[in-house]
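Engineer: Here you go, one structure.
The values are calculated or read from the model by the stated rules, or taken from the named source; none is laboratory data. What you see is a predicted model, and the numbers here were worked out from it, not measured in a lab. As a convention, Cβ positions derive from the backbone with ideal geometry for all residues, glycine included, and neighbour counts pool all protein chains shown.
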Amino acid sequence: MPGYRDLSRRQFSRGLGGLATSFVVLGASERVASAAPSAAQTRRKINLAGRQRMLSQRIAKAAFMFQLEVEPDRHLEMLATAHDLFDTTLKDLRRGNPDLFLDPEENLEVIKGLGRVSSAWSPYRSAVKEVIEAQQVSAINLFAIVRANLPVLKASHAVVQSLEAAYGGAGAGQSELARTINVAGRQRMLTQKMTKESCQLSIYGRPKELRAQLSETITLFDTSLKALTGAEGEVSVVPAPTQAISDKLAEVDTIWQEFGAVMSEIAGGRQPTMAEYAYMSTKNDVLLKTMNEAVGLYENVDG
């Protein structure tokens with residue numbers, strides 16, 4: 001997707017082990033002043049805006065897993081939860097939310113970007129709500145979800161980039177740390193996007209194009225993780241600033257070696273089996289949860 005290589009009310013209940021809670025709480029230990037965007041406030045905004053990218057793909061993934069009848073009850077619940085969290089966070093990013101230690105947005109470019117997200121979200125939101133209410137995915141809704149999820153992702157990514165440009169330079173070293181939180185946060189999205197693309201192979205779309213997209217998603221996750229862990233320097237990020245972050249990234253890498261191998265085989269041309277979809281259903285959330293914990297650690301880095 002253009003821009004992705006430019007690197008310069010419910011709990012997640014069934015089977016997710018408090019994942020939604022961690023999305024709300026991780027990184028929220030510092031209460032920040034609303035008078036100006038401090039370094040802590042900048043990190044909070046980038047984390048939450050970056051989470052919207054993940055949710056845009058989690059929604060589609062959940063809908064496709066539900067359509068494939070892979071743990072349908074869990075994925076219908078996941079769909080509703082991700083929908084609600086995206087919707088409320090979009091409002092919170094604009095208006096602020098003291099419970100999330102989030103100030104109202106005042107930067108005009110960011111506000112305009114949030115408006116573009118809202119416009120892209122409208123048709124996506126409508127299709128998803130119909131699925132939730134009907135508890136089935138119609139052909140019309142399936143097409144709408146396929147068509148709408150990437151524009152929402154693109155608009156959400158642009159907001160993160162605008163936040164980084166507007167606030168990332170507030171203090172020594174903060175520009176690099178803001179970029180690192182952006183990249184680390186994007187990894188959460190990529191876990192959902194690659195799983196969504198694997199599901200879509202069995203539902204809707206041109207297999208050759210979908211496998212090319214999946215391959216690109218896998219490569220971006222892999223190269224970004226190598227940059228974050230210091231194995232490669234292609235991406236401009238801060239080396240893990242604490243031992244806790246280094247350890248957490250090592251944990252992510254261990255999970256990724258197994259999960260990424262399965263994804264690569266599918267990208268290479270093998271059609272996923274239902275057993276593999278069941279594996280993805282569990283393992284992609286383990287990878288997501290662990291990466292989210294790493295992002296929370298980055299957000300709370302001192303300085």
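Engineer: Condition (residue is aromatic (Phe, Trp, Tyr), over 16 Å from the mean Cα position of the chain (by Cα) and assigned to a helix (DSSP H, G or I)) applied to the stretch 270-284: is it met by at least one residue?
Structural biologist: yes
Engineer: Taking helices (runs of 4 or more DSSP H) that do not extend beyond the stretch 1-109, which have at least 2 residues that are at pLDDT 95 or above and in contact with a helix residue (DSSP H, G or I) (Cβ under 6 Å, 6 or more places away or on another chain)?
Structural biologist: 39-67, 72-95
Engineer: From the list Ala158, Ala120, which residue is small (Gly, Ala, Ser), touching a Gly at 6+ places or on another chain (Cβ under 8 Å), surrounded by 18 or more Cβ atoms within 10 Å (Cβ to Cβ) and assigned to a helix (DSSP H, G or I)?
Structural biologist: The unique qualifying residue is Ala158.
Engineer: Looking at Ala139, Ala165, Ala134, which is the one that is out of contact with any Pro (no Cβ under 6 Å at 6 or more places or on another chain), surrounded by fewer than 16 Cβ atoms within 10 Å (Cβ to Cβ), of a type in the set (A, V, I, L, M, F, W, C) and closer than 13 Å to Thr42 by Cβ?
Structural biologist: Just one listed residue meets the conditions, Ala165.
Engineer: Does any residue of the stretch 161-182 turn out to be among the small types (Gly, Ala, Ser), assigned to a helix (DSSP H, G or I) and over 30 Å from Asp302 (Cβ atoms)?
Structural biologist: Checked the stretch 161-182: no residue is among the small types (Gly, Ala, Ser), assigned to a helix (DSSP H, G or I) and over 30 Å from Asp302 (Cβ atoms).
Engineer: Which pairs have Cβ atoms under 7 Å, sit 6 or more apart or on different chains, and link a residue in the stretch 278-290 that is closer than 18 Å to Glu69 by Cβ to one that is of a type in the set (Ser, Thr, Tyr)?
Structural biologist: Met280/Thr195; Met280/Ser198; Asn284/Thr191; Asn284/Thr195
Engineer: If I filter the stretch 196-209 for residues that are part of a helix (DSSP H, G or I), among the charged types (D, E, K, R), touching a Lys or Arg at 6+ places or on another chain (Cβ under 7 Å) and over 16 Å from Thr290 (Cβ atoms), do I get at least one hit?
Structural biologist: The answer is yes, given that some residue of the stretch 196-209 is part of a helix (DSSP H, G or I), among the charged types (D, E, K, R), touching a Lys or Arg at 6+ places or on another chain (Cβ under 7 Å) and over 16 Å from Thr290 (Cβ atoms).
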